[in-house]
1. Does Lys211 satisfy the condition of being closer than 17 Å to Arg339 by Cα, modelled with pLDDT under 90 and part of a helix (DSSP H, G or I)?
2. In this structure, is Asn73 modelled with pLDDT under 80, open to solvent by less than 20 Å² (accessible area, probe 1.4 Å) and more than 21 Å from Phe354 (Cα to Cα)?
3. Is it the case that some residue within segment 262-280 is closer than 30 Å to Val374 by Cα, open to solvent by 70 Å² or more (accessible area, probe 1.4 Å) and part of a helix (DSSP H, G or I)?
4. Can you find a residue in segment 340-357 that is open to solvent by 60 Å² or more (accessible area, probe 1.4 Å), part of a helix (DSSP H, G or I) and closer than 24 Å to Thr246 by Cβ?
5. When the residues of segment 35-52 are narrowed to those that are at pLDDT below 75 and in a helix (DSSP H, G or I), which ends up most open to solvent (accessible area, probe 1.4 Å)?
6. Scan Val358, Val374 and give me the residue that is β-branched (Val, Ile, Thr) and touching a helix residue (DSSP H, G or I) at 6+ places or on another chain (Cβ under 8 Å).
7. What about Ser113, is it open to solvent by less than 10 Å² (accessible area, probe 1.4 Å) and either closer than 19 Å to Ala30 by Cα or touching a Cys at 6+ places or on another chain (Cβ under 9 Å) (or both)?
8. Being touching a Gly at 6+ places or on another chain (Cβ under 9 Å) and assigned to a helix (DSSP H, G or I) is the filter; apply it to segment 290-306 and report the residue that is surrounded by the most Cβ atoms within 10 Å (Cβ to Cβ).
Amino acid sequence: MRTVKIGKRELPFDFFLFLIISILLGIVSAVESTSLANRLYEDLNFTVMQRSLLETPREAPGVLALFLIGILNGLGDLRIAALANIVGGVGLLFFGVTDSGFSLVLLFLVIYSVGQHLYLPLSNSLAMSFAQGENFGRRIGEVQSLGAAAVIVAAAMLFIIYHFFQVTYQAVFIFAAFCMILGGVLFFFMGSGQKKVVSEKRFVFKKEYKKYYVLSIINGARKQLTLTFVPWLIIDIYNQPVTTMTLLFFIVCVINIFFKPWFGRFTDKKGERRALQLEAVIMFIACLGFAFADKIFTSFVALGVVGFCYVIDKLMESASIPRATYVRRLTDDTAEVGRTLTMGLAMDHVVSMFIPLVAGSIWYMSGANGYMYVFMGGLAISAVNFSIASRL
């Protein structure tokens, strides 16, 4: 098995490449998280309703991924991951260069989303394939921590570029697209140190995973409220520029360098139930801040409260770790893990396709205080999430 020596530590060559890919995709994540909403708002003059209408077709590939991974099953997980990131990178590239209206923006974001969602269930599955013993959560946390470190550097650079230079959003997205394509290409050089992971089944749906499926459905509702509407809350209601979103995202990534490995170890030690209960509690606290901060505090303090809530809510994206390890601990067939996570992703996105439309309509039709009702819905979702997690 080929190895790469870094200082006094030797890493398997495949794992070394996987870490590089994680860094490249961390850059992509930084660009999307800090700049997508601002580009839609500032460059393309989207309204909150148009932003909401983007999400249903954008989330549809999460369901489509179930069938595409089944069709591409014979390629193995590594080749599917390569194809996914190349396709996603091409979509992001065209999104970066277009200055047209809703239809083309939608088309290119959907292409990007297809690649993104093809890779999403495979990322944790591949990370766990490099785990030593039963420390699956720890390994995912380590990989995600490195990705977070990459995001820190990218977010810091974006903050400097946006603040001191007249760089366009188009240039930033084009650079991110090439990072994603390069990440896909590097997957073609992996596979020397491990067997080709091909599941015997194209699709996996078993009653043993029913609680995971329910958690996935809840996550589909939970993530859309905060992923889609929190940036819009900060930009539209609090009138903040792109540098504010970049700074908040930078803070999240600095904390994630330490938080993700800790959360992975916490999952291994305390179990998935405790980890997912923590996620539900944090979301409840965050939604309270999103909904009521502006009504309780002065504008300056309210912005600080919402920023804090954004940070703690983004940290709990790490809850993908206990959901993945829960599946891994239920099966002895490692090839089945990726297909099960894909099934959960599809269920997640069935919900994700409709939540933005419902929540966006509520916000749009309720006037100036419409955002409050959106995040009050998040309080209910977090309560249900806690209840289900408590039954694991």
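1. Yes: the conditions hold for Lys211.
2. Yes.
3. yes
4. Scanning segment 340-357, I find no residue that is open to solvent by 60 Å² or more (accessible area, probe 1.4 Å), part of a helix (DSSP H, G or I) and closer than 24 Å to Thr246 by Cβ, so the answer is no.
5. By that ranking, first place goes to Met49.
6. Val374
7. Answer is yes for this residue.
8. The selected residue is Phe290.
The values are calculated or read from the model by the stated rules, or taken from the named source; none is laboratory data. Note that this is a predicted model, so its numbers are computed, not measured. Here the Cβ is made from the backbone with ideal geometry for all residues, glycine too, and neighbour counts use every protein chain on show. The area values use the complete protein model at the heavy-atom level, side chains included, leaving out ligands, DNA and RNA. Shrake-Rupley method; radii C 1.70, N 1.55, O 1.52, S 1.80 Å.
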